[in-house]
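Just so it is clear, none of the values below were taken in a lab; they were calculated from the coordinates. It should be emphasised that the depicted structure is a prediction, and the values quoted were computed from it without experimental measurement. Here the Cβ is made from the backbone with ideal geometry for all residues, glycine too, and neighbour counts use every protein chain on show.
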Amino acid sequence: MRTKNILLILFLFGIGFLPLQAQNLVTLNASIVSDTVFAVSQKSDVISKAMYASGQVAFSSKSGYVRISLTDDSSYDLLVYESFPLLATKGVDIFDHIALETGSIPSFFSATKIRIEIKNAELKKLSIDASSQGMTKEQQQKAKTDKIAVINKNLREQNALWEAGETPISQMAYQEKKGLFGGKVPDLQGFDYYTGGIFELSDGTEEPALKSAQNTNGTLSDAYAPSFDWRNRHGANNPSSPYYNSGGHGWITSVKNQASCGSCAIFSVLGTTEALANLYYNRFLNKDLSEQNIVSCYTYGNCAAGRNWNPGLTIDYITTNGVCEESCFPYTATDLPCSDKCPSPMENMKVSGRINCGTVAFPKTVDAIKKNIIQYGPISGGVLDFSHAMPIIGYKKIQAGDTIYTTMSNYVIIPNGDSRIGQTAWLFKNSWGSSWGKSQNGFAYILLPDISQIDWTHVILSPITSPNYTDADIVCEDRDSDGYYFWGVGPKPAHCPPCAPDKPDGDDSNPNLGPMNEYGYCEAITPLSENITTSQTWNTNRTVCRNLVIQSGATLTITATVFMQAHKVTIQDGGKIILSGGTIDNGNIIAQSGSELTITNNGKILLGSSDNLNIQLGAIFEIAYGKILLK
């Protein structure tokens, strides 16, 4: 999102015509502290040679980089050398005979420039040599392995909360990485090597992320729940939960890969929209929406200049035009014509607008971001220094004693007195594939140096509309049978049972937790129940919105239909139910020892797929004339 002036210095380097083993192109004793370009003369003699760099870098900050690349007239780059502070020892990186991508220069490549990009650093004693001696694959792999080992050594010495490894992004050719970021690789500080843990973005100071837990007025916030993650809400990532989503990460759909196209804004908006569709309809639709639809039909941006795609305007586009399903227009990470979209999409999902972060309605504070994630669901966000947009799906407040897994088996325990205690790490869903950040399956926690690093951030508003669903398809259920219902992130649907409470269940997988407040805490409850204490007859149809208990000494005679909404019907010792021509529909029936259950006069019990009929030893169960049916 930012550009720099490039100092163009023309040097004519005579390479000569003798077949020498190695030949010096550049020897520079003066230091370099700003972006610089050297012109290469007699470029034909560089073709098919290897190019190596040697020198010394001194970093003035915890952030920054030095990149030396070989460039042709079309701005295609081969990376000769790259360094950043995590590759330095006490701020200094001495490199000798390095050729990251130029150990064997391809025959199609015709170099015209040597480009140096530099930030917060001083480059000294630079020497660049051309050679006919290339690097073997074994040498190239060892260089990568050694690089990661140095990063992890420095991370351990700094008591960092994350670990580095080879990832699909670190393995990208530099030219591909430029495409990923819309033409300019930002100061990633090693984020491309992230494999797990909490990544700590530095603002260049000695202590990273000191202000990340603060509001703009500098005060720490303790009101909100210490962690919140839409992947596990209502136990949606737990196979034992009635909300378990086997097709995704809880309410969040699977991680995708934008590849070498600067389309992160589109992936952020659609990843958020897919999650909100699950939450709005309270069912795991797990829509796979078409990023290519926006890439090709929203002409404001393109893959090569992805920064021109704006998350806010992308939200506006699908608010007005909608977006089709992936199978209608598969993603290719290229600028295909919009006419390639299938003629008859099965989906055209729309949203209802946005609330922009940094406004009166959504101030840029830690508390406001937490509040909106809890209230509205995942939000479309981004990190300024990365020039990268990603959905924010939750957060974690760091506390003493926390165990932070940096890989599946390695971990760091936060000690008392750690400067990061009380700070907020934001949980992002990235669009670099699930093997990036592999211990987090493509997700990442990021500790930011300041809340101003949150950028391009928007609440996406419901209702979510689709030609395949209406508001009548919103599921309104009490799946944990505690008397409180959940219906997603929108308003209470009109088709909820009229006796359902107006506040939604904050955890509909736990009968001991009820409504959730604005701070992400669920109220501890005793499950609601309707208690029958005296004998009575129900002769009109009714819906029961909570558990039904027939207490000792009471007899409930049912001659009409009772819709139980998957709640429990408990007949206690000494209690009775007589189904005299009546029906219990969709209930879990428990007849305790000493109770009685009689079905007569063509009475019925209708069991849903998850309902049970449990007649305990010592209970009296009689079917004089009636049926038990599976729906």
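Using only side-chain charges placed at the Cβ, +1 for Lys and Arg and -1 for Asp and Glu, the dipole size of the range 193-460 relative to its Cα centre rounds to 540 debye. Exceeding 27 Å between C-alpha atoms, which entries from my cross-link table qualify? They are Lys113/Lys177; Lys137/Lys429; Lys364/Lys396; Lys49/Lys142; Lys147/Lys184; Lys287/Lys341. Violating the 27 Å limit, Cα to Cα: Lys137/Lys429. For the chain, take the longest principal axis of its alpha carbons; what is the angle in degrees between that and the long axis of helix 366-376, to the nearest 10 within 0 to 90? Approximately 50 degrees, to the nearest 10.
Scanning residues 5 or more positions from Tyr81 or on other chains, those with amide H under 5 Å from its amide H are Ile68, Leu100, with H placed 1.01 Å from N in the peptide plane. Lacking any other cysteine beta-carbon closer than 4.7 Å, the following Cys residues of the chain have no compatible partner: Cys264, Cys357, Cys522.
Computed from phi, the 3J(HN,Hα) profile of the range 438-451 under the Karplus parametrisation 6.51, -1.76, 1.60 (θ = phi - 60°) reads 4, 6, 10, 6, x, 9, 8, 8, 10, 9, 9, x, 6, 5 Hz, with x in place of Gly and Pro.
Here the range 92-133 and the range 290-366 have alpha carbon centers that stand 39 Å from each other. Normalised by the number of residues in the range 472-527, the average gap of Cα pairs under 8 Å and 6 or more apart makes the relative contact order 29 percent. Of all beta bridges that DSSP places with both ends in the chain, some 60 percent have antiparallel geometry. Nearest 10 degrees is fine. How inclined is helix 264-281 to the longest principal axis of the chain, computing both from alpha carbons? That works out to roughly 0 degrees. Amide H contacts of Asp505 (H built 1.01 Å from N, in plane; Pro and chain starts excluded): Tyr485, Phe486, Trp487 sit under 5 Å, all sequence-distant by 5 or more or on other chains. Annotation for Asn24 and Trp538: the two label points, set 7 Å from Cα along the Cα-Cβ direction, are 9.5 nm apart.
Values [x] 36, 31, 25; [y] 61, 25, 21; [z] 53, 46, 23 are given for comparison; semi-axes √(5λ) of the Cα gyration tensor in Å, derived from the coordinates here, is the one labelled [y].
Derived scalar couplings between HN and Hα for the range 103-119 equal x, 8, 6, x, 5, 6, 8, 10, 6, 10, 9, 10, 10, 10, 10, 8, 8 Hz in order, rounded to whole Hz, by the Karplus curve 6.51 cos²θ - 1.76 cosθ + 1.60 (θ = phi - 60°), x for Gly and Pro.
Would you mind working out the magnitude of the charge dipole of the range 487-631 relative to its Cα centre, with +1 at each Lys and Arg C-beta and -1 at each Asp and Glu C-beta, to the nearest 20 Debye? Before the final figure, lay out each step's value.
Numbers: 9 positive and 12 negative charges, 93 e Å.
Around 440 debye, computed over the range 487-631.
So how tilted is helix 311-320 from the main axis of the chain? Cα-based, degrees 0 to 90, rounded to 10. That helix lies at roughly 50 degrees to the long axis. In order along the range 72-82, phi translates into HN-Hα couplings of 9, 5, 9, 6, 7, 10, 10, 7, 7, 7, 9 Hz, rounded to whole numbers, per the Karplus curve 6.51 cos²θ - 1.76 cosθ + 1.60 with θ = phi - 60° and x for Gly and Pro.
Given their separation in residues at 0.36 nm each and the Cα-Cα distance between them, Lys604 and Tyr521 gain 25.8 nm when the chain is fully extended. Relative to the Cα centre, the charge distribution of the range 293-353, modelled as +1 at Lys and Arg Cβ and -1 at Asp and Glu Cβ, gives a dipole magnitude of about 160 debye. Amide H contacts under 5 Å for Lys627: Gly603, Lys604, Ile605, restricted to partners 5 or more places along the chain or on a different chain, H placed in the peptide plane at 1.01 Å from N. Please list, by residue number, everything in the range 331-366 whose backbone N is under 13 Å from a paramagnetic label point 7 Å out along Cα→Cβ of Ala223. Of the residues in the range 331-366, 363, 365-366 have backbone N under 13 Å from the label point off Ala223.
Calculated FRET efficiency, Phe621 and Asn238, Cβ-Cβ r, R0 45 Å, to nearest 0.05?
Values: r = 34 Å, r/R0 = 0.75.
Efficiency at R0 = 45 Å is approximately 0.85.
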